[in-house]
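Here's the structure, in structure tokens; my notes come after.
The values are calculated or read from the model by the stated rules, or taken from the named source; none is laboratory data. This structure is a prediction, so every number in the text was calculated from the model and none was measured. Cβ coordinates were reconstructed from backbone atoms using ideal geometry, including for glycine residues, and neighbour counts include every protein chain displayed. Keep in mind that these areas ignore ligands, DNA and RNA; they rest on the heavy atoms of the full protein, side chains included. Shrake-Rupley method; radii C 1.70, N 1.55, O 1.52, S 1.80 Å.
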Amino acid sequence: MRRIVVCEKGGGFGMGQSACRSCGTSLERTFIDLGMSPLANSYIKPEQLNRMEPFYPLHVYVCEKCLLVQLVQFSTPDDIFSDYAYFSSFSDSWLAHAKSYVDMIVDRFSLDQHSRVVEIASNDGYLLQNFVVRGIPALGVEPAVNVAEAAKSKGINTKVAFFGEKTALDLAAEGWAADLIIGNNVLAHVPDLNDFVKGLKVLLRSGGLITMEFPHLLQLMQQNQFDTIYHEHFSYFSFLAVERVFARHGMKLFDVEELPTHGGSLRIYACHDDDISKSIEARTKELKSGEESAGLGQLNHYLSFGQQVKATKRKLLSFLITAKQEGKHVVSYGAPAKGNTLLNYCGVRTDFIDYTVDRSPHKQGHFLPGVHIPIYEPDRVRCTRPDYLLILPWNIRDEVMQQMSYIREWGGKFVVPIPEVQVYP
Ligand SMILES: [Zn+2]
């Protein structure tokens, strides 16, 4: 459920020109440089094929002081992300995830009609509707007007705003100081991280709690998920790094869960640092020591990630080169943002992949940004009978293999690029 909260403007992007989004230290150490890449969701219409296409640096740094992994600032036109909107309710599995979260949190923290729940980047109200049916007062904060309208039409109280200290002060004055603040897949998209977290502190009632979900950097590194890096993801969090940001604003993390969503996410639980009603759960300590033993407390560990990524690129290219030399017909499945990072970084165009297919009618008839691979509907695979089907959304590979299992009728094979190239007959 990736979405944009605000566009980032201005700022230089030379070496050492930018400051850490968390602690302000000058950014000098590269985590991974994926080169120049188009915005991952800027699919190309046929009439745009002969136009100039903007590319931006996809250069990720690690702060040597607080070890926050982050995309360095880059300049964009003012409205670059403005028409991007993602309606969460389109995904069944995500709806189920939201409902089971609400069941759990209401029960565990005894929320009732006297509680106040605020969700940041509430989208179309897919999550908050579960509080509303229980009679628990809930407010969404959503910057995209059209998405907020969709929520309001479902009866979900929604304020159109970007979240930060100012919005938090306004909401508190309007009676929305919160017992529970929720933010799912928003933290990574926040350009002004300190203003955002300060806003959380301002809005949180005494005795209240915050839960936030975000993709876990440990998984990104261990599972080699470098293709989940794209311009709209400004920060890539470990528990250790996020704990430092919350501590700076007078909050502590008292619990954490590991979730399977988005290739492996964390759900953190935060409260005011003087809140003695919540004890620090044992799994918090376990997760931290797990990160430390994996090397996430050491700068050198981050600096070695680039070698692993380059090796993955070489393996994918050598697979494709061999396949083409053998005269094989290769196509791909899906047109996810992560595929655009992978293909642009590896320089894979129609010289290797004839076309891709995607179930979304909004993407069919378009071309992938940068590499200009055409997007068709999935049935095209049945007509052209490819030898290999490269699965770009590797996080749903089992689902794709089931849906497309008929390629085995003509000996077609599946290929999964991440964590490294693997062929499945
Ligand atoms: Zn820092």
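Tell me which residues, restricted to the stretch 335-360, are at pLDDT 95 or above and over 20 Å from LEU49 (Cβ atoms).
Selection gives THR341, LEU342, TYR345, CYS346.
Of the numbered conditions (1) free of Cβ contacts under 8 Å to residues at least 12 places away in the same chain; (2) surrounded by 14 or more Cβ atoms within 10 Å (Cβ to Cβ), GLU399 satisfies every one except a single condition; which is it?
(2)
Condition first: touching a Leu at 6+ places or on another chain (Cβ under 6 Å), part of a helix (DSSP H, G or I) and open to solvent by less than 80 Å² (accessible area, probe 1.4 Å). Can you find one or more residues in the stretch 147-169 that meet it? Full working, then the answer.
Taking the stretch 147-169 as the starting set, the residues that turn out to be touching a Leu at 6+ places or on another chain (Cβ under 6 Å) are 156-157, 168.
If we keep only those that are part of a helix (DSSP H, G or I) as well, we get 168.
Going one step further and asking which of them are open to solvent by less than 80 Å² (accessible area, probe 1.4 Å), we end up with 168.
Checked the stretch 147-169: at least one residue is touching a Leu at 6+ places or on another chain (Cβ under 6 Å), part of a helix (DSSP H, G or I) and open to solvent by less than 80 Å² (accessible area, probe 1.4 Å).
Is it the case that PRO374 is at pLDDT 95 or above, open to solvent by 10 Å² or more (accessible area, probe 1.4 Å) and touching a Phe, Trp or Tyr at 6+ places or on another chain (Cβ under 6 Å)? Let's see the steps before the verdict.
Details: at pLDDT 95 or above: yes; open to solvent by 10 Å² or more (accessible area, probe 1.4 Å): yes; touching a Phe, Trp or Tyr at 6+ places or on another chain (Cβ under 6 Å): yes.
Against the criterion (at pLDDT 95 or above, open to solvent by 10 Å² or more (accessible area, probe 1.4 Å) and touching a Phe, Trp or Tyr at 6+ places or on another chain (Cβ under 6 Å)), PRO374 qualifies.
Do we have VAL62 as surrounded by 13 or more Cβ atoms within 10 Å (Cβ to Cβ), at pLDDT 95 or above, within 16 Å of the ligand (Cβ to nearest atom) and under 26 Å from GLY370 (Cα atoms) here? Before the answer, list the steps.
Working: surrounded by 13 or more Cβ atoms within 10 Å (Cβ to Cβ): yes; at pLDDT 95 or above: yes; within 16 Å of the ligand (Cβ to nearest atom): yes; under 26 Å from GLY370 (Cα atoms): no.
Answer is no for this residue.
Which residues, taken from the stretch 261-287, are outside any helix (DSSP H, G or I) and either open to solvent by 60 Å² or more (accessible area, probe 1.4 Å) or under 18 Å from GLN219 (Cβ atoms) (or both)? Don't jump to the end; show me each part of the working.
Of the stretch 261-287, the ones outside any helix (DSSP H, G or I) are 264-281.
Correct list: GLY264, SER265, LEU266, ARG267, ILE268, ASP273, ASP274, ILE276, SER277, SER279, ILE280, GLU281.
In the stretch 170-182, which residues are in contact with a helix residue (DSSP H, G or I) (Cβ under 9 Å, 6 or more places away or on another chain) and either surrounded by 19 or more Cβ atoms within 10 Å (Cβ to Cβ) or closer than 11 Å to GLU119 by Cα (or both)?
Narrowing the stretch 170-182 to residues in contact with a helix residue (DSSP H, G or I) (Cβ under 9 Å, 6 or more places away or on another chain): 171-172, 176-178, 180-182.
Scanning the stretch 170-182 gives LEU171, TRP176, ALA178, LEU180, ILE181, ILE182.
Restricting attention to the stretch 176-225, report how many residues are hydroxyl-bearing (Ser, Thr, Tyr) and farther than 18 Å from ALA138 by Cβ.
Start the filter on the stretch 176-225 by keeping residues that are hydroxyl-bearing (Ser, Thr, Tyr), which leaves 206, 211.
With the extra rule that they be farther than 18 Å from ALA138 by Cβ, the set shrinks to 206.
Of the residues in that region, 1 qualify.
Select, from ARG205, ARG134, the only residue that is of a type outside the set (Ser, Thr, Tyr), assigned to a strand (DSSP E or B) and more than 25 Å from SER235 (Cβ to Cβ).
Numbers: ARG134 fails: assigned to a strand (DSSP E or B).
One residue alone meets the criteria, ARG205.
Name the single residue that is surrounded by the most Cβ atoms within 10 Å (Cβ to Cβ) among those in the stretch 377-396 being in contact (Cβ under 8 Å) with a residue 60 or more places away in the chain and over 22 Å from the mean Cα position of the chain (by Cα).
TYR388
Consider ASN123 carefully, then state whether it is within 22 Å of ALA161 (Cα to Cα), open to solvent by 10 Å² or more (accessible area, probe 1.4 Å) and either within 23 Å of the chain's Cα centre (by Cα) or at pLDDT 95 or above (or both).
Details: within 22 Å of ALA161 (Cα to Cα): yes; open to solvent by 10 Å² or more (accessible area, probe 1.4 Å): no; either within 23 Å of the chain's Cα centre (by Cα) or at pLDDT 95 or above (or both): yes.
Criteria not met by ASN123.
Is one or more of the residues making up the stretch 329-349 over 27 Å from TYR56 (Cα atoms), among the hydroxyl-bearing types (Ser, Thr, Tyr) and assigned to a helix (DSSP H, G or I)? So that I can check it myself, show each step before the final result.
So the first thing to find is which residues in the stretch 329-349 are over 27 Å from TYR56 (Cα atoms), and the list is 329-330.
Now restrict to residues that are among the hydroxyl-bearing types (Ser, Thr, Tyr): none.
No, because not a single residue in the stretch 329-349 is over 27 Å from TYR56 (Cα atoms), among the hydroxyl-bearing types (Ser, Thr, Tyr) and assigned to a helix (DSSP H, G or I).
From the residues in the stretch 3-38 that are more than 16 Å from the ligand (Cβ to nearest atom) and modelled with pLDDT of 50 or more, which one is nearest to HIS59 (Cα to Cα)?
So, considering only residues that are more than 16 Å from the ligand (Cβ to nearest atom) and modelled with pLDDT of 50 or more, the one nearest to HIS59 (Cα to Cα) is ASP33.
Quick one: is GLY297 over 24 Å from HIS233 (Cβ atoms), of a type outside the set (Asp, Glu) and either crowded, with 19+ Cβ neighbours inside 10 Å or out of contact with any Phe, Trp or Tyr (no Cβ under 8 Å at 6 or more places or on another chain) (or both)?
Details: over 24 Å from HIS233 (Cβ atoms): no; of a type outside the set (Asp, Glu): yes; either crowded, with 19+ Cβ neighbours inside 10 Å or out of contact with any Phe, Trp or Tyr (no Cβ under 8 Å at 6 or more places or on another chain) (or both): yes.
No: the conditions fail for GLY297.
When you go through GLY290, GLY339 one by one, which is the residue that is at negative phi, buried (at least 19 other Cβ atoms within 10 Å of the Cβ), touching a helix residue (DSSP H, G or I) at 6+ places or on another chain (Cβ under 8 Å) and touching a residue at least 40 places away in the same chain (Cβ under 8 Å)? Spell out how you get there, then give the answer.
Details: GLY290 fails: buried (at least 19 other Cβ atoms within 10 Å of the Cβ).
So the residue among GLY290, GLY339 that is at negative phi, buried (at least 19 other Cβ atoms within 10 Å of the Cβ), touching a helix residue (DSSP H, G or I) at 6+ places or on another chain (Cβ under 8 Å) and touching a residue at least 40 places away in the same chain (Cβ under 8 Å) is GLY339.
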